[in-house]
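Student: One structure follows; several queries about it will come next.
The values are calculated or read from the model by the stated rules, or taken from the named source; none is laboratory data. A quick note: this is a predicted structure, and the numbers were derived from the prediction, not measured. When we count neighbours, we look across all protein chains shown, and the Cβ atoms used for this are built from the backbone with ideal geometry, even at glycine. To get the accessible areas, we keep the full protein, side chains included, count just its heavy atoms, and leave off ligands, DNA and RNA. Shrake-Rupley method; radii C 1.70, N 1.55, O 1.52, S 1.80 Å.
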Amino acid sequence: MAVHSVGRRELPLTHAKLTQHRVDFLKALPALPRASEAFIALGTTIKVAGSEAAFRAVDHDAVVAVAQAARAAGATRLGVVSAMGADKHSRIFYNRVKGETEEALSAMGFATLVIARPSFLAGDREALGQPLRGGEKLAMRLSRILAPLIPDNYKSIAAADVAHALLTHVPRDTGKQVLLSGSMRA
């Protein structure tokens, strides 16, 4: 088995079975190698993107483009990281875009579509070259203190737990599945 990653920047890891493809999501994606499964964990924030339009270009347009490229490469199973609160009818722009993206992916005809809707993602962003978010750090600290009072679906969750859930469900499930944080916890 081979693993191909498609991203805006190269990941700080290597493996004999990993081939990294650096792409500009604002341009047409190159054809992807044959695949049976695809996983998308692509996203940004409005603050990092700089505008709502730039956010939509990543969290909707680029995600949909990668899914289309995966379908064209033969993938019949897709796992995607979305967000808690995703709803195409939401008044909150972020949640609305996530919901619209989920709807677009649902219409693509994947035999399996597993949508992970995590709460706050916990992980070492700095090690991945991602910006540190002050507000998120504070929310993570508070969530640890208040953990006994917070329902499972709203507690922060390790990014590794989300990845593990997708790697478990995508190969075995059929149809559309939506995983919330509480069900993804290791």
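Student: Could you please let me know if Arg34 is farther than 24 Å from Pro118 by Cβ, loosely packed, with under 12 Cβ neighbours inside 10 Å and not aromatic (Phe, Trp, Tyr)?
Tutor: yes
Student: What tally of residues in segment 163-186 results from selecting those that are free of Cβ contacts under 8 Å to residues at least 24 places away in the same chain and either in contact with a Pro (Cβ under 8 Å, 6 or more places away or on another chain) or loosely packed, with under 12 Cβ neighbours inside 10 Å (or both)?
Tutor: 1
Student: If you go through segment 37-58, how many residues are open to solvent by 70 Å² or more (accessible area, probe 1.4 Å) and acidic (Asp, Glu)?
Tutor: Number of matching residues: 1.
Student: A further question follows. Applying the selection to segment 51-77, what residues are closer than 26 Å to Gly175 by Cβ and outside any helix (DSSP H, G or I)?
Tutor: Passing the criteria: Ala73, Gly74, Ala75, Thr76, Arg77.
Student: Looking at Ala160, Ala122, which one is open to solvent by 60 Å² or more (accessible area, probe 1.4 Å), modelled with pLDDT of 75 or more, small (Gly, Ala, Ser) and under 30 Å from Glu10 (Cα atoms)?
Tutor: On inspection, the qualifying residue turns out to be Ala160.
Student: Between a residue in segment 60-75 that is open to solvent by 20 Å² or more (accessible area, probe 1.4 Å) and any residue that is of a type in the set (Lys, Arg), which pairs come within a Cβ distance under 9 Å, given they are 6 or more apart or on different chains?
Tutor: His60/Lys98; Gly74/Arg34
Student: Kindly evaluate Arg9 against the criterion of being outside any loop (DSSP other than H, G, I, E, B), open to solvent by 60 Å² or more (accessible area, probe 1.4 Å) and basic (Lys, Arg).
Tutor: It is false that Arg9 is outside any loop (DSSP other than H, G, I, E, B), open to solvent by 60 Å² or more (accessible area, probe 1.4 Å) and basic (Lys, Arg).
Student: Here's another thing I want to ask about it. Determine whether Ala83 is in a helix (DSSP H, G or I) and either in contact with a helix residue (DSSP H, G or I) (Cβ under 8 Å, 6 or more places away or on another chain) or surrounded by fewer than 19 Cβ atoms within 10 Å (Cβ to Cβ) (or both).
Tutor: No: the conditions fail for Ala83.
Student: Also: Looking at the structure I just gave you, is Ala107 under 18 Å from the mean Cα position of the chain (by Cα) and surrounded by fewer than 17 Cβ atoms within 10 Å (Cβ to Cβ)?
Tutor: Here the answer is yes, as Ala107 does meet what is asked.
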